[in-house]
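The structure under discussion appears below in the form of structure tokens.
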Amino acid sequence: MRRLGILLAGIAALASAPLLAQTIAITGGRVVVGDGTPAIEGGTVVIRDGRVVAAGANVAVPAGAQVVDARGKWVTPGVVAGFSRIGLVEVDAVGETNDISANGSPFSAAIDVAPAVNPQASSIAVSRAAGVTRAVVSPGTGRSIFAGQGAVIDLAGDMEPITRARAFQFIEFGEAGSDDAGGSRASAHVLLRNALREARDLRLPVGSRPASPAPAGGGALPEDRAENPYLMSGAQRSDDVLLTRFDAAALVPVLQGRQLLLVHVERASDILQTLALKQEFPNLRLVLVGATEGWRVADRIAAARVPVIANALVDLPATFEQLAATQSNVGRLHAAGVRVAIGMINDDEARQVRLSTQYAGNLVGIARLPGHQGLSWDDAFAAISSAPAEVLGLGNEIGSLRAGRRGDVVIWDGDPLELSSGVEAVWIDGVRQDLTNRQTRLRDRYRDAQEGALPNAYDPR
Amino acid sequence: MKSRLIAAAAAAALAVGCAGTGTGQGTESASASQPKASNARPRYTPPEDPYPSTYRAYPGVPTAIVGATVFDGEGGRIENGTVVLLDGRVQAIGGPDTPIPDGATRIDGAGRWVTPGVIDVHSHLGNYPSPGVDAHSDGNEATNPVRPEVWAEHSVWPQDPGFSRALANGGVTTLQILPGSANLFGGRGVTLRNVPARTMQGMRFPGAPRGLKIACGENPKRVYGNRNTMPATRMGNIAVMRATWQRAIEYRERRARDPNTPRDFQLETLVGALDGDILVHNHCYRADEMAIMLDMAEEFGFRISTFHHAVEAYKIPDLLRARGACAAMWADWWGFKMESYDAINENIPFVHNAGACAIMHSDDSNGIQRLNQEAAKALADGRRAGVEIADEVAWRWLAINPATALGIEEETGSLRVGKRADVVLWNGNPFSVYTRPQQVWIDGALLYDMNNPRLRPVSDFELGQPGEGDVK
């Protein structure tokens, strides 16, 4: 395993590509494609060079493929955690290990979580063992409504976790946003508008063109020029600005619609105010995060074609912005035509993304109850696989077993949404993953708590 | 206001005191030694149970659930079982030939499961209610690490919407509300029936002993260490605890010698714990700290009913079993603080398998809605690790074990004939993620029915708000 890690580190530039040109055929299982289509009995999934080649009933096993017998098992895409902070924390209450928020930072929107993600965090291995293969990772806000730029990561046991860096900007725009903005929602609104205008007003240095190749012999750092020329020091600004250059430059892709803007709001009126931003800034690509009261304005969200990443089971008026909380929120949004993914918003999001399957299962359960609105099984699984991938604009890469997607595959010993089921095997980018972690090691050490001739600390390793 | 309360308490004291003088601490000998004056007012005797329960069972109808799979809560299972509820009690439990009283409402339980109501030994509903605003933050009297004089029941807000969610989604019929863990001695806990009521007293479980919340580990030393006061370390935690128990022992001796010793409400709670009238509930994560607390209990002569949040119980199930202490645990919470870093998914089945008393608890207004699911996860993880526990035996974690930890096992916690009819009919296997309570009875009264919107409690707080009366 360690050798594997070193090898991976050595080819960091290619890390998202698979290591080996290996072909794997997982045969005989109940195959869930993850895009909302019904499961396929006795299906075959073929992975080659780290990508899904085919998944379905009449798929031939290629010659030379490593065959994995999955008869009696379920085969699904890996779970995609729709909103999380996994990899940013080792122990929540140990501040030194917690990289979610930066209360003392001079920066906000410019913050990029990608370099802070620790692929060796215990939560990565624990979640991987529960079938989670990708996660949306968001920073938290510090002293601004802008938390910074989040990433989509994989949960493989290598040193290269980033699937897509700077996949989105995250802002707080409800109660927390009010607090971040100095004490009122009105202040949060003017902060956002001002920031987007400062981004709009950035001017490139005279003679430069966006995305032009770096001149020989230096100048701007290459990543600045390639990704965001507005970072260059020659870019001109008015004196009357609130944001640092870095923060303003980071909002240019948001303003232009090249980077998603994830907006955390819960209250129905806050949701409508967020949707209204599109009138002022028509290129914004909005995603609502939280949206506990979304069901009350579901038709408006659907009409705006704005997707939602929601908590599945919030049903308490935990705050005054969540008075109408109900576990039927996701089901009602879905029924109204809104694209909904399940995420973990302020819900142990750094460590417990493995609860995604349980949450999705509950939404199937309530579909049987009078007056409730849940999801079908197929839609519930999609809400933790293809839906979050699509919301993040990565539906062609991850979240399903459709041909061409990355080879993120999980074999379960039963219905993956059921509490009694466990994970038997995980592949990420076509690479078979180790499923041991601190918790399984402790379990094995204390299977018999009685110490032997020597203390447990001398247990064979 | 204050004087009215004192007057009321004195009046109650007269009524209760008459019936209960036999247990007074030396009052008889004290009065015997005093000169009798015929016109003297009766000496004030404090009531044994101030703030007494006013709970009365709500009306029910004779009910027979037939054809269900029954978990009796003590480890028994009946297929095609019948459970009869009559006059608020379990009147019969058995197979399909169990006699059903004339006129009883028959409920078809085919394909469904019947269990005793879920009991949560660790909840903060009411003292950390929803909405969780500062004005509602009533769980930690974090003004001194030794606060055994505060009682959680005096913080409980009966209008917390969380109670209804625990009932409808979780099948919770009984729960203990505890003070928080900022203090070494957090105060008294109270056991409630999960019924809507105007007052805390309307929810109090009649006759249930009170609890004493004590806490080890990170929280007390962090809260007070940050203020540069003792305790700032784990050894400081233990030192303050020992000094406090010693004060309690000396107070008890002083009171026995001289009943006129001024009352000390702090030490009165601790004497109740030393005497076994108040059950000790100890927030304690780490195995090594639990072992120290067990020795402390022997040192001062109290008994620890239950270790709560016992994340490392799996490391010392032999100790727990030998000392008769229960461990109340989560299925899979971990890593939120250092003392929860060594959590394993198999904690509960490992503790159970070693012969110790295992309990599933929530400490959470969301988790309390899914204790059955939490048990299901732990059960499955245990089986994958080679620990085979039957479903009906695992239900003990939610029923008789927590009932025993709360000292109410004679009244509830299983479907024994004569016990309170606290019953959940589940619309499937309660260890499935797809299952929810179909109907819930408390003392034989039907207080939730998924098919009847009128049997969906709505707290005062929710009235007139968005989502009032909605499914939750």
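The values are calculated or read from the model by the stated rules, or taken from the named source; none is laboratory data. Here the structure is a predicted model, which means the values were calculated and not measured. Because the Cβ atoms are built from the backbone with ideal geometry, glycine has one as well, and the counts that use them run over all protein chains shown.
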Problem - Only one of A:GLY104, A:GLY87, A:GLY64, A:GLY82 that is assigned to a loop (DSSP other than H, G, I, E, B) and buried (at least 17 other Cβ atoms within 10 Å of the Cβ) - result: A:GLY87
Practice task
Pairs only if they're at least six apart or on different chains, beta carbon under 7 angstrom, first in region B:227-242 and modelled with pLDDT of 95 or more, second of a type in the set (Ser, Thr, Tyr); list them, first residue then second.
Solution key: B:MET230/B:TYR224; B:PRO231/B:TYR224; B:ALA232/B:TYR224
Exercise for the section: Determine whether region A:347-369 contains at least one residue that is surrounded by fewer than 20 Cβ atoms within 10 Å (Cβ to Cβ) and under 22 Å from the mean Cα position of the chain (by Cα). Expected result: yes
Practice task
For A:VAL289, indicate whether it is in a helix (DSSP H, G or I), at pLDDT 95 or above and among the β-branched types (Val, Ile, Thr).
Solution key: no
Practice task
Mind counting the residues in region A:374-388 that are touching a helix residue (DSSP H, G or I) at 6+ places or on another chain (Cβ under 7 Å) and either assigned to a helix (DSSP H, G or I) or within 8 Å of chain B (Cβ to nearest Cβ) (or both)?
Solution key: 4
Problem - Subset of region A:292-311 that is within 14 Å of another protein chain (Cβ to nearest Cβ), within 14 Å of A:ARG339 (Cα to Cα) and crowded, with 24+ Cβ neighbours inside 10 Å - its residue that is farthest from the chain's Cα centre (by Cα) - result: A:TRP295
Exercise for the section: Read through the list (1) outside any helix (DSSP H, G or I); (2) touching a helix residue (DSSP H, G or I) at 6+ places or on another chain (Cβ under 6 Å), then give the number of the only condition that B:ALA166 fails. Expected result: (1)
Practice task
Scan (1) over 27 Å from A:THR292 (Cα atoms); (2) in the same structural domain as B:ALA68 (by TED's automatic domain parsing) for the single condition B:ARG436 breaks and write down its number.
Solution key: (1)
Practice task
Might you check whether a residue that is over 20 Å from B:ASN183 (Cα atoms), out of contact with any Gly (no Cβ under 9 Å at 6 or more places or on another chain) and assigned to a helix (DSSP H, G or I) occurs anywhere in region B:233-245?
Solution key: no
Fill in the blank from the handout: Result of the Cβ filter at 8 Å on region B:59-73, keeping first residues that are modelled with pLDDT under 95 and partners that are of a type in the set (Ser, Thr, Tyr), at least 6 apart or interchain, is none
Handout entry: Condition check for A:VAL330: over 29 Å from B:ARG384 (Cβ atoms), out of contact with any Ser or Thr (no Cβ under 9 Å at 6 or more places or on another chain), at pLDDT 95 or above and part of a helix (DSSP H, G or I)
Key = yes
Problem - Residue satisfying all of: in region A:337-365; among the charged types (D, E, K, R) and more than 19 Å from A:GLY34 (Cβ to Cβ); farthest from the other protein chains (Cβ to nearest Cβ) among these - result: A:GLU349
Exercise for the section: Check region B:107-115 and report whether any residue there is in contact with a Phe, Trp or Tyr (Cβ under 9 Å, 6 or more places away or on another chain), surrounded by fewer than 23 Cβ atoms within 10 Å (Cβ to Cβ), modelled with pLDDT of 95 or more and assigned by TED's automatic domain parsing to the domain that holds B:GLY189. Expected result: no
Exercise for the section: Please specify each residue of region A:123-180 satisfying the condition of being in contact with a Ser or Thr (Cβ under 8 Å, 6 or more places away or on another chain), under 16 Å from A:MET344 (Cβ atoms) and polar (S, T, N, Q). Expected result: A:SER138
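Looking only at region A:246-256, decide whether some residue is within 22 Å of A:PHE320 (Cβ to Cβ) and free of Cβ contacts under 8 Å to residues at least 40 places away in the same chain.
Going through region A:246-256, the residues within 22 Å of A:PHE320 (Cβ to Cβ) turn out to be none.
No.
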Handout entry: Failed item, numbered, when B:TYR224 is tested on (1) assigned to a loop (DSSP other than H, G, I, E, B); (2) among the aromatic types (Phe, Trp, Tyr); (3) more than 17 Å from the chain's Cα centre (by Cα)
Key = (1)
Completion exercise
For helices (runs of 4 or more DSSP H) lying entirely in region B:357-461, having 2 or more residues that are in contact with a Phe, Trp or Tyr (Cβ under 8 Å, 6 or more places away or on another chain), at positive phi and among the basic types (Lys, Arg) picks out none
Exercise for the section: Examine region B:322-334 for a residue that is within 12 Å of chain A (Cβ to nearest Cβ), in a helix (DSSP H, G or I) and crowded, with 18+ Cβ neighbours inside 10 Å, and state whether such a residue exists. Expected result: no
Practice task
Confirm whether A:GLY430 is more than 14 Å from every other protein chain (Cβ to nearest Cβ), on the phi > 0 side of the Ramachandran plot and in contact (Cβ under 8 Å) with a residue 40 or more places away in the chain.
Solution key: yes
Problem - Filter pass, B:GLU392 being away from chain A (no Cβ under 14 Å) and under 18 Å from A:LEU419 (Cβ atoms) - result: yes
Handout entry: Condition check for A:ARG143: modelled with pLDDT under 95 and in the same structural domain as A:MET344 (by TED's automatic domain parsing)
Key = yes
Handout entry: Residue within region B:291-314 that is more than 19 Å from the chain's Cα centre (by Cα), within 14 Å of chain A (Cβ to nearest Cβ), over 24 Å from A:SER122 (Cα atoms) and not in a loop (DSSP other than H, G, I, E, B) present
Key = yes
Exercise for the section: Report yes if some residue within region B:415-427 is closer than 24 Å to A:THR436 by Cβ and either within 9 Å of chain A (Cβ to nearest Cβ) or at pLDDT 95 or above (or both); otherwise report no. Expected result: no
Practice task
Please indicate, with yes or no, whether at least one residue in region B:339-348 is free of Cβ contacts under 8 Å to residues at least 12 places away in the same chain, of a type outside the set (A, V, I, L, M, F, W, C), surrounded by fewer than 24 Cβ atoms within 10 Å (Cβ to Cβ) and facing chain A (nearest Cβ under 9 Å).
Solution key: yes
Practice task
Please determine, by comparing only the residues of region B:435-472 that are of a type in the set (Phe, Trp, Tyr) and more than 10 Å from chain A (Cβ to nearest Cβ), which one is nearest to B:GLU411 (Cα to Cα).
Solution key: B:TRP441
Practice task
State whether one or more residues within region A:183-202 are among the small types (Gly, Ala, Ser) and not in a helix (DSSP H, G or I).
Solution key: yes
Problem - Residues that are away from every other protein chain (no Cβ under 14 Å) and within 17 Å of the chain's Cα centre (by Cα), drawn from region B:122-139 - result: B:HIS122, B:ASN127, B:GLY139
Exercise for the section: Select, from B:PRO158, B:PRO196, the only residue that is in contact with a helix residue (DSSP H, G or I) (Cβ under 8 Å, 6 or more places away or on another chain), outside any strand (DSSP E or B) and modelled with pLDDT of 95 or more. Expected result: B:PRO196
Exercise for the section: Restrict the check to region B:160-169 and report whether at least one residue is free of Cβ contacts under 8 Å to residues at least 40 places away in the same chain and either touching an Asp or Glu at 6+ places or on another chain (Cβ under 8 Å) or surrounded by 24 or more Cβ atoms within 10 Å (Cβ to Cβ) (or both). Expected result: no
